[in-house]
Amino acid sequence: MLLQDPSTPLSVQLSGKRSYDIVFDTLEALPEAMRKASVRPGKVLVITDTNVAGLYRSRLDEILQGDGWDPFILMLPAGETTKSPKHLQAIYDAALSWHIDRRTPVVAFGGGVIGDLAGYAAATLLRGLPFVQVPTSLIAQVDSAIGGKTGINHAEGKNLIGAFHQPKLVFVDPKLLFTLPRREWHSGLAEVFKHALIRDEVLFDWLEANLPQVISRHPGIVTDLVYRAASVKAAVVSRDELEHGERMILNFGHTFGHALENVLGYGVLTHGEAIIIGMRAALQMSRRFHSHLDQARVEQVLRQIPVPPLPSPPGSFEIRKAMTTDKKRDQALLRFILLKRIGKAYTTSDVSDSDIDDAISHALGNTH
């Protein structure tokens with residue numbers, strides 16, 4: 001056990017005395033949590049996808065209506081391609097035709113795609129609506145639902161159009177994760193491992209010691225795992241809301257991973273699978289600068305997450321070209337997140353093309 005109390009909400013503390021809670025409870029407690037977060041009862045626009053709606057729409061509708069809310073539940077197609085101008089426009093059309101006002105909350109009920117898309121809609125409709133995250137995937141519960149990043153993809157790259165729009169509440173029901181497809185559970189573990197590697201060595205030790213239960217989603221460890229990983233994200237965001245400094249470490253493996261997604265085409269790999277490959281590349285680069293880093297130990301853990309073979313592995317040049325659209329670049333310089341050791345990450349632009357090529361070759365070589 002990680003000696004923590006998930007019944008105690010985590011808190012994201014921001015500048016200007018702003019804050020919001022990450023509440024861990026069953027879905028039935030959502031209306032009460034929204035009231036405590038000063039979200040006005042009445043009309044509520046719920047954005048979800050077809051997969052989540054098929055499992056939970058009726059239950060959520062009953063919960064909200066039973067507490068006096070008037071939900072409008074908009075279902076969108078599942079998948080990364082939904083983070084697009086087309087589906088953003090669909091939310092705008094539905095919301096405005098329903099005659100929302102500036103206090104109508106938007107609830108994202110789904111994984112990272114729905115959270116990012118609904119959050120951007122909330123940020124831009126009527127110049128900003130109250131926003132509530134109810135993440136249903138592991139990757140969203142520990143990472144993407146926390147921190148206020150919202151947006152959509154562009155042909156030039158991932159998440160290039162968006163805004164920071166902090167939620168009023170993040171409501172996490174870990175029991176929702178037991179209906180998650182196995183591949184999506186494994187994908188979410190990539191972000192859990194990432195959080196451990198960049199900031200929480202104790203969490204990494206615990207994950208390593210409990211790998212069979214972690215990989216198999218044992219009911220006895222899920223809530224602990226989610227709470228501890230989410231606490232890493234909450235702490236980092238609290239110190240750097242707009243990603244000017246420390247928050248960049250949360251992108252460990254993402255400079256490589258996002259470029260790989262772009263080159264392959266969204267949907268060939270899940271986000272988490274791409275990040276696993278990206279973390280292997282970042283580890284290889286880290287070892288070039290920090291020879292004491294136990295790269296083999298970390299890679300042994302990462303290899304427990306299945307990654308399908310790439311149909312046609314891209315070359316280093318293609319990936320480096322895709323990296324030039326990375327929104328984390330500093331003018332002409334790419335920023336990479338490296339590890340000094342397990343639990344200690346930092347940001348650097350002081351790498352050469354040969355460092356990058358070596359890291360890409362290593363990571364892609366492990367996908368065969």
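For the reader, a short list of remarks on this structure follows.
- In the set (1) surrounded by fewer than 22 Cβ atoms within 10 Å (Cβ to Cβ); (2) in contact (Cβ under 8 Å) with a residue 24 or more places away in the chain, the condition left unmet by residue 256 is number (1).
- Note on the range 133-150: residues that are part of a loop (DSSP other than H, G, I, E, B) and more than 20 Å from residue 76 (Cα to Cα) total 3.
- The C-beta contact set for the range 303-323 (first residue over 22 Å from residue 184 (Cα atoms), second residue of a type outside the set (Ser, Thr, Tyr) and modelled with pLDDT under 90, distance under 6 angstrom, 6+ apart or interchain) comprises 322/262; 323/334.
- Residue identified as among the small types (Gly, Ala, Ser) and more than 23 Å from the chain's Cα centre (by Cα) among 282, 296: 296
- Matching option when the condition is small (Gly, Ala, Ser) and in a loop (DSSP other than H, G, I, E, B), among 188, 220: 220
- Which listed residue, of 52, 46, is assigned by TED's automatic domain parsing to the domain that holds residue 147, under 21 Å from residue 181 (Cβ atoms) and touching a strand residue (DSSP E or B) at 6+ places or on another chain (Cβ under 8 Å): 52
- Any hit, the range 6-20, residues being under 30 Å from residue 158 (Cβ atoms), assigned to a helix (DSSP H, G or I) and not hydroxyl-bearing (Ser, Thr, Tyr): no
- Evaluation of residue 116 against the conditions (1) buried (at least 18 other Cβ atoms within 10 Å of the Cβ); (2) in contact with a Ser or Thr (Cβ under 6 Å, 6 or more places away or on another chain); (3) over 27 Å from residue 244 (Cβ atoms) shows that the sole unmet condition is (3).
- Among (1) in contact (Cβ under 8 Å) with a residue 40 or more places away in the chain; (2) farther than 19 Å from residue 165 by Cα; (3) surrounded by fewer than 15 Cβ atoms within 10 Å (Cβ to Cβ); (4) in the same structural domain as residue 132 (by TED's automatic domain parsing), the one test that residue 40 misses: (2)
- Residue 319 being touching a Ser or Thr at 6+ places or on another chain (Cβ under 8 Å) and β-branched (Val, Ile, Thr): no
- Residue 273 being among the acidic types (Asp, Glu), under 23 Å from residue 208 (Cβ atoms) and under 20 Å from the mean Cα position of the chain (by Cα): yes
- Residue check, residue 300 free of Cβ contacts under 8 Å to residues at least 40 places away in the same chain, surrounded by fewer than 16 Cβ atoms within 10 Å (Cβ to Cβ) and not small (Gly, Ala, Ser): yes
- Scanning the range 1-34 for residues that are aliphatic (A, V, I, L, M) and more than 20 Å from residue 46 (Cα to Cα) turns up 1, 2, 3, 10, 12, 14.
- Qualifying residue in the range 201-209 (condition: surrounded by 22 or more Cβ atoms within 10 Å (Cβ to Cβ) and assigned by TED's automatic domain parsing to the domain that holds residue 79): no
- Within the span defined as the range 176-183, every residue fails to be in a strand (DSSP E or B) and of a type in the set (Ser, Thr, Tyr).
- Cross-chain or 6+ apart pairs with Cβ under 7 Å, the range 1-28 first and over 16 Å from residue 145 (Cα atoms), then among the hydroxyl-bearing types (Ser, Thr, Tyr) and buried (at least 19 other Cβ atoms within 10 Å of the Cβ): 4/227; 6/227
- Restricting the range 265-303 to residues that are among the basic types (Lys, Arg) and in a helix (DSSP H, G or I), the residue that is farthest from residue 347 (Cα to Cα) is 297.
The values are calculated or read from the model by the stated rules, or taken from the named source; none is laboratory data. Model, not experiment: these values are computed from the prediction. Counting neighbours? That spans all protein chains shown, and the Cβs are built from the backbone with ideal geometry, glycine included.
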